[in-house]
Amino acid sequence: MRLVTTIRGTLPVMVLALLAWGAAAPASAEGGGTSADGDASPQATVACGDAAALVTAVGQAASGGTVALTAGCVYTLTSVATTGADGPDGLPVITGNVTITGTGATIRRSASAPDFRIAEVAPGGRLTVQGVTLSGGRAVDGAGILDLGSLTLQQSAVTANAASGLGGGVQVAPGATATFSLSHISGNTANDGGGVHVGTGASLTATSSTFADNTADSTGGAVANFGNSLLSAVTLETNHATNFEGGGIWTSIGDITFNGGRIIGNTAGSNGAGIANFGSTLHLQASTVSGNIATLNGGGLFSHAGNTQIVGTNITGNTANGGQGGGIFSDGGSVSLMATNVTGNNPNNCVPALAGCSG
């Protein structure tokens with residue numbers, strides 16, 4: 001059996017710090033007073049498209065501050081800002097409480113640039129991204145964002161990033177936390193966790209967000225979960241696990257709840273096109289699982305280990321092309337259904353038969 005592994009005060013002092021920061025800020029990364037939440041952290045406004053000023057502003061704010069991008073502008077990174085133990089980064093590493101904001105702005109890696117991820121959050125660091133798209137990163141792990149601290153995405157997007165290892169869009173490293181709201185994770189690729197990889201002991205909370213068109217060579221096209229994840233009113237659509245399980249979600253070790261969302265049109269090269277449970281406590285509630293296609297078994301859901309509880313959910317129109325259990329296939333663990341509709345799946349609904357679902 002394949003083994004999948006995760007790695008991975010005083011007022012005078014404040015005034016002096018602000019004065020020093022303001023004196024160092026370049027004209028194109030102009031100081032702007034207080035941050036959006038009203039505190040006295042440094043704030044820099046970056047001129048449209050000035051990537052060099054962006055890097056400078058993030059570096060100056062990396063231990064705490066706000067970087068405001070010009071609405072709708074594109075900032076193209078062409079070189080590495082810093083290289084650490086986890087590889088090269090396009091922006092300076094975030095070590096404090098930093099916000100990057102910009103309505104409809106984009107930070108992207110140039111296609112002709114050397115490989116680097118877009119952003120890295122150090123242990124203890126906090127990064128909030130508001131209204132910004134991060135794209136084109138290339139790295140071993142966390143090509144869009146490597147999160148070893150705390151990450152918040154608000155009305156933002158992480159798109160078209162590629163990791164050779166874990167987390168094409170975002171790698172939530174062991175012990176780290178990530179919160180997404182009204183955000184899009186799309187078109188990212190990785191070996192495991194095409195969209196997001198959640199490491200052991202890490203946590204992901206996503207609300208009213210979309211994971212679409214992400215691809216994992218191995219497991220977890222949209223999400224590979226080894227930690228604890230709560231996904232509410234989330235759509236997982238047309239994600240792919242090319243060779244193995246979990247086109248939408250692959251989960252093991254930790255707990256995961258998927259509530260009030262849709263898992264639709266995902267594919268898997270083997271089992272569990274919608275969801276593959278390899279050892280988690282999985283709660284699937286008030287959701288739709290439809291149009292998912294597995295090459296082998298479990299078009300909607302594949303249970304290999306763990307405890308799966310399904311309540312108030314429709315599992316319909318899924319396909320197990322070369323096997324059984326178009327709706328649900330179980331070869332281990334436990335699966336329970338309550339007020340759940342499993343119908344119209346191909347070639348059959350549940351294998352073996354479950355209370356509330358026959359073949």
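Taken over region 276-297, the criterion of being among the small types (Gly, Ala, Ser), in a loop (DSSP other than H, G, I, E, B) and over 21 Å from SER229 (Cα atoms) is satisfied by GLY291 alone.
Among the residues of region 125-142, are any among the acidic types (Asp, Glu), crowded, with 24+ Cβ neighbours inside 10 Å and over 19 Å from GLU245 (Cβ atoms)? Yes: one or more hits. Only a single item in (1) part of a strand (DSSP E or B); (2) of a type in the set (Val, Ile, Thr); (3) closer than 21 Å to ASP147 by Cα is not met by ILE263, and it is number (3). Look at region 273-289: where a residue is within 22 Å of ASN346 (Cα to Cα) and a partner is basic (Lys, Arg), sitting 6+ places away or on another chain with Cβ atoms under 7 Å, you get SER287/ARG262; THR288/ARG262. GLY221 satisfies every condition listed in (1) more than 17 Å from GLY165 (Cα to Cα); (2) under 11 Å from the mean Cα position of the chain (by Cα); (3) in a loop (DSSP other than H, G, I, E, B) except (1).
Restricted to strands (runs of 3 or more DSSP E) entirely inside region 66-169, those with at least 3 residues that are of a type in the set (S, T, N, Q), out of contact with any helix residue (DSSP H, G or I) (no Cβ under 6 Å at 6 or more places or on another chain) and modelled with pLDDT of 95 or more are 97-109, 126-135, 150-154. None of ALA273, ALA305 is closer than 21 Å to GLY254 by Cα, assigned to a loop (DSSP other than H, G, I, E, B) and not hydroxyl-bearing (Ser, Thr, Tyr) except ALA273.
Among the candidates THR215, THR238, THR242, which residue alone is buried (at least 20 other Cβ atoms within 10 Å of the Cβ) and in contact with an Asp or Glu (Cβ under 7 Å, 6 or more places away or on another chain)? Give the derivation first.
On the way: THR215 fails: in contact with an Asp or Glu (Cβ under 7 Å, 6 or more places away or on another chain); THR242 fails: buried (at least 20 other Cβ atoms within 10 Å of the Cβ).
When all the criteria are applied, what remains is THR238.
The number of residues in region 149-164 being hydrophobic (A, V, I, L, M, F, W, C) and within 14 Å of VAL98 (Cα to Cα) comes to 2. Within region 160-183, which residues are in contact with a Gly (Cβ under 7 Å, 6 or more places away or on another chain) and surrounded by fewer than 24 Cβ atoms within 10 Å (Cβ to Cβ)? Within region 160-183, ALA160, ALA162, PRO174, GLY175 qualify. No other residue among THR179, THR200 is closer than 22 Å to PHE302 by Cα and hydroxyl-bearing (Ser, Thr, Tyr) apart from THR200. The condition of being more than 14 Å from the chain's Cα centre (by Cα), under 21 Å from SER183 (Cβ atoms) and crowded, with 18+ Cβ neighbours inside 10 Å does not hold for ILE145.
The values are calculated or read from the model by the stated rules, or taken from the named source; none is laboratory data. This is a predicted model, so every value here is computed, not measured. FYI the Cβ positions are ideal-geometry reconstructions off the backbone, even for glycines, and counts take in every protein chain you see.
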